[in-house]
Amino acid sequence: MSCCETEMTNRMNKRFTILIEDDWEVMGNGLGNVAQLQYLPSMFFMKLAKRLGIKLTFMVDVVQQLEYNKHVQSDYNLRLQKNLWDDSVRLMKSYGFDVQLHLHPQWMNARKDGDHFYLSDNWNFGRYSEAEQDHLISESVNYLHELLRPIDPSYKVVAYKGGSWGLQPSGSLLRNMEKHGIRIVTGVRQGMYLPGNGVDYRSLEEDTMPYYPVYEDLCKVSAEKKAVFIIPLQSVKPGVMGLGYLAIDMVKRKISKKDSMRHFYADGKVPEKIYALSPIAEESKPKFPYVSYTTHLKIGNQPFSYLKTSFDQVIKKLSGTPHRHIPILIECHTKQYNNYYGDIERFLAYVQDTYGNVAEFNTLSGYLADIEAGGNTVKIKKA
């Protein structure tokens, strides 16, 4: 048996495929800057991943960059950030990582006043018109193709992560994704309900395996193959122990008095209107009874103890299913990494050491290639 055949056999024997995707962006309300929240933490993440041999997919928010571009002639600070954004994304690709699409539509036609951007309160791309969706997807896909094809002529945008998990209504949105060559859509999770953002995935029919959706209602599994398929986020119930880890860490953060983003603005202040802009606040607020609070696998501002407990829980849950080649999607936000670098490094090393015999890391592009080669399957509703 050749080395390539041996490697393929080893991969096919792996029970789980870990897909780490990073939502690469500033804050959802427009605060922050590229150097602080994007370049520096993603540089750490890339160096760590290269050292550990881990594959990553960066889901880059192109709308933010399109808005920055409107002001580069008059604002030297934004020109610097725009160029740093472009070079950071080029670096991701040159390092061998995957780069795919993430859109926060609240940036569309943002109003700039001094140092601040004032964004829309509509964070759900599904609630925009079909024409607006078509235009923004087209402009964003073209931007990434022009930026990255000089590095990799075969590069294609094939995956999309819903900004603020907003994918409903899904009909025109999924049709537009198909129109522009996007095959994978992520951002749904069983039980997620964010009424302020028009998100309701409580009727999700498939919470484990990739599936072809009914375009008009992506919570339903289609009875026929589609061009676009969904990879759901893996749900987690932190329970009393997990929430306890977060509570202890929150107290530590309060005591340490970490720097606030207000220090990066000329007047040292952030308008209350900007701070108050958060139609997805429900996701981060556990409700009583806390033992039933559900979220999903993520890497950001969580301590190692929480990351480990959450991942162990998901592996245990999925080990009891009959499926193979199960994608374990982990949502990351490098903008939250400050002061958690050690926790993240420790967690990823733990996953490798503990589960390396049953799990492999892949990118979203790589996962799609495996599906096209017949190595992975996508669920269709049986008659």
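Figure legend. Inter-residue proximity from region 145-160: first residues of a type in the set (Phe, Trp, Tyr), second residues modelled with pLDDT of 95 or more and assigned to a loop (DSSP other than H, G, I, E, B), beta-carbon distance below 6 Å, spacing 6+ or different chains. Indicated pairs: Tyr155/Arg149; Tyr160/Ile182.
This table checks each residue for (1) assigned to a helix (DSSP H, G or I); (2) touching a residue at least 40 places away in the same chain (Cβ under 8 Å); (3) surrounded by 14 or more Cβ atoms within 10 Å (Cβ to Cβ).
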| site | (1), (2), (3) |
| --- | --- |
| Lys308 | yes, yes, yes |
| Asp343 | yes, yes, yes |
| Val351 | yes, yes, yes |
| Glu360 | no, yes, yes |
| Ser365 | yes, yes, yes |
| Ala369 | yes, no, yes |
| Ala383 | no, yes, no |
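Restricted to region 1-100, the set of helices (runs of 4 or more DSSP H) holding at least 1 residues that are at pLDDT 95 or above comprises 40-52, 62-69, 76-94. If the condition is being of a type outside the set (D, E, K, R), under 26 Å from Val314 (Cα atoms) and either part of a strand (DSSP E or B) or more than 21 Å from the chain's Cα centre (by Cα) (or both), then region 195-226 contributes Val199, Ser203, Tyr211, Pro213, Leu218, Cys219, Val221, Ser222.
Can you tell me which residue is nearest to Arg175 (Cα to Cα) among those in region 106-158 that are buried (at least 16 other Cβ atoms within 10 Å of the Cβ), basic (Lys, Arg) and over 19 Å from the mean Cα position of the chain (by Cα)? Here the answer is Arg127.
Among residues of region 315-339 that are closer than 22 Å to His102 by Cα, those with a Cβ under 8 angstrom from a residue that is basic (Lys, Arg) and surrounded by fewer than 22 Cβ atoms within 10 Å (Cβ to Cβ), sequence gap 6+ or separate chain, pair up as Ile330/Lys298; Glu331/Lys298; Cys332/Lys298; His333/Lys298; Asn338/Lys258. Residues in region 26-82 that are farther than 19 Å from Gly96 by Cβ and of a type in the set (Phe, Trp, Tyr): 2 in all.
The values are calculated or read from the model by the stated rules, or taken from the named source; none is laboratory data. Since the structure is predicted, the reported quantities are computational estimates derived from the model, not experimental observations. FYI the Cβ positions are ideal-geometry reconstructions off the backbone, even for glycines, and counts take in every protein chain you see.
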